[in-house]
1. In segment 220-229, which residues are open to solvent by 70 Å² or more (accessible area, probe 1.4 Å) and either closer than 15 Å to Glu251 by Cβ or touching a helix residue (DSSP H, G or I) at 6+ places or on another chain (Cβ under 7 Å) (or both)?
2. From the residues in segment 131-142 that are part of a loop (DSSP other than H, G, I, E, B) and within 19 Å of the chain's Cα centre (by Cα), which one is farthest from Leu199 (Cα to Cα)?
3. Could you list, in sequence order, the residues of segment 20-65 that are open to solvent by less than 10 Å² (accessible area, probe 1.4 Å), among the polar types (S, T, N, Q) and in a loop (DSSP other than H, G, I, E, B)?
4. Can you pull out the residues in segment 7-19 that are closer than 14 Å to His38 by Cα and either of a type outside the set (D, E, K, R) or open to solvent by less than 20 Å² (accessible area, probe 1.4 Å) (or both)?
5. Out of curiosity, is Ser203 within 21 Å of Val105 (Cβ to Cβ), not in a helix (DSSP H, G or I) and not basic (Lys, Arg)?
6. Given the condition within 16 Å of Val167 (Cα to Cα) and touching a Gly at 6+ places or on another chain (Cβ under 8 Å), answer yes or no: does some residue in segment 51-59 qualify?
7. Ser61 versus (1) farther than 21 Å from Ile207 by Cα; (2) at pLDDT 95 or above: which is the lone unmet condition?
8. Tell me, yes or no, whether segment 144-151 has at least one residue that is touching a strand residue (DSSP E or B) at 6+ places or on another chain (Cβ under 8 Å), in contact (Cβ under 8 Å) with a residue 60 or more places away in the chain and either closer than 20 Å to Glu208 by Cα or open to solvent by less than 30 Å² (accessible area, probe 1.4 Å) (or both).
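The values are calculated or read from the model by the stated rules, or taken from the named source; none is laboratory data. Here the structure is a predicted model, which is why all the values come from computation and not from measurement. Glycine also receives a Cβ, built like all others from the backbone with ideal geometry; neighbour counts cover every protein chain displayed. Ligands, DNA and RNA are excluded from the accessible area calculation, which covers all protein heavy atoms including side chains. Shrake-Rupley method; radii C 1.70, N 1.55, O 1.52, S 1.80 Å.
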Amino acid sequence: MPRLSIVIPTLGNWEALETSLVSVLQNQPPRSEVVVVHNGRYEDPYDLKNEVRFVEAPARSRLVGLINTGLAASRAEVIHLLPSGAVVEDGWTAGATRHFADLRVSVVTPVVLDVHRPTRLLSAGCYWLAAGKEIGHASGRTLGELGTGDPWTGPDRPAAFFRRSAVVEVGSFDETLSPGFAAIDLSLRLIRAGGQIRLEPTSQVMIESTLLERDGAFRRAWQRERLFWRHRGKEGWLGSMAAHAWLVATETLKSVPRPSAIAGLAGRLVGVCDPRGPSVPAIEHLPGGTASAPGSVDRRVDPGHVTPASQSRVGAGASRAAHSRGR
């Protein structure tokens, strides 16, 4: 039984996927499995089926649906979600997995760096304001400027490490949200259930910024509004409502006369009227699932995840993918 499942969801950008496979397979931690989830037809041209489990999701699945399918198909207690196109270095999981020796820890967030500017932070989690907005923890900072004592909620992207049994207990990612907001929502649910979420700066993932999914002003405001009503009340009903009204008013005034002011306000209004509840299917009910009930999951985590030398037979097949594309 693996101690770590590395899940890479992809919507069909096979070049980005192969970039990640080259990197992950050459630096794969011991007692880990690699699971690729896709909703297309991947031909596996480099014959990696003995090194990677390819799981096909329903054809119309979006990225969050692929992530949930990967969670269900994973066999380890700690699951590392890795964006397609991301690259990693030797030992990137070691610092993060050590946190899971503490059974109170539900999520560990790595730092996401720009592959072309390795000191530039693209993401290091966020702080969710009770008024209904996320604040990037590392917005505008370099890796050297990253502080760990700032107010912090959890990952603002699914590129994180999750304790499988904790996710089983609270439900999977909400498939009605985009990946970033689905990660925030899951973090808030885990915190409410008593879980702890930690940041690990030594666990580093690098990716091209263009490969990270981003929401426009309308969709971002829409989803902020949905999360506000779902998780309101942290500071009391009246306090939350007053803070929320002030936030919406100041956001709108600051963005006037830009078009984003209208888009943001419209998104907030749509969010208030959105009749959909959260869609967080139980892991064992998802396609590709091999999930166990919470009590049957092996909660042991190897705190000494030290990456071995690259595996030669994996590297041979994976390297052909890179060389064929002129990397």
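1. Arg220
2. Here the residue is Ser139.
3. Within segment 20-65, no residue meets the criteria.
4. So in segment 7-19, the residues closer than 14 Å to His38 by Cα come out as 7-18.
Within segment 7-19, Val7, Ile8, Pro9, Thr10, Leu11, Gly12, Asn13, Trp14, Ala16, Leu17, Glu18 meet the criteria.
5. Yes: the conditions hold for Ser203.
6. No, segment 51-59 has no match at all.
7. Exception for Ser61: condition (2).
8. no
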